[in-house]
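What follows is a short report on a single structure.
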Amino acid sequence: IYFASCCLGIQPQPHVAEILFGVDHPASSSLVGLKDNDTRGRRKVTQSIQCFPLTTLLQAANLTRLDYLHLDIQGAEPQVLRYLDWSQVDIKVVDVEVSWNKEEIVEILESQGYVLHNHYLDDFIYVRQDVVLPGMKKKTR
């Protein structure tokens, strides 16, 4: 199990991004400029942070084959998935938080051969079409 406490890039190359940190609610941090940044009535500070594309981080950690990837990154999921170099990684299951950006996430994952397996609240679990999970029947066309 690996956790990355860093900024995932929303561009195809490393870049610096402005991060909005909630002073009263530190867990509510997000990239400046995202559609769902709701800062009304909250104390906040911004800071410039170095961000890296997910592909770059996975390659640096020698993790190009993943059974499970979970993304819950406060609305930046489509941008991170869009710039993931799918030809450089082998990911069986993608669990992604979907809020206001569902159509874009669905389009990206389906274009890479993933199908919706299950969902709970805002978390949607996509499985690559060629993968059979325990208790799951292989889909035939």
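State the extension gain, in nm to one decimal, for the chain segment bounded by Gln50 and Val132, taking 0.36 nm per residue of separation less the distance between their alpha-carbons.
The span from Gln50 to Val132 would gain 25.8 nm if fully extended.
For Tyr68, the solvent-accessible surface computed with a 1.4 Å probe is close to 120 Å², ligands and nucleic acids excluded. Here each label is just a point 7 Å from Cα along the line to Cβ, and for Lys102 and Gln88 those points are 3.2 nm apart.
Where does the range 80-120 land on Rg/Rh, using Cα atoms and the Kirkwood Rh? Show your work: numbers first, answer last.
Numbers: Rg = 10.2 Å, Rh = 11.1 Å.
Checking Rg against Rh, the ratio lands at 0.93.
Packing order of peptides 103-110, 49-56, highest average first: 49-56, 103-110 (average count of other Cβ atoms within 10 Å over each peptide's residues). The accessible area of Val16, taken with all protein chains in place and a 1.4 Å probe, comes to roughly 90 Å².
The values are calculated or read from the model by the stated rules, or taken from the named source; none is laboratory data. Being a predicted model, the structure only gives us computed values, none of them experimental. For neighbour counting, all protein chains shown are included, and Cβ atoms are generated from backbone atoms with ideal geometry for every residue, glycine included. What goes into the accessible areas is simple: the full protein's heavy atoms, side chains included, and nothing from ligands, DNA or RNA. Shrake-Rupley method; radii C 1.70, N 1.55, O 1.52, S 1.80 Å.
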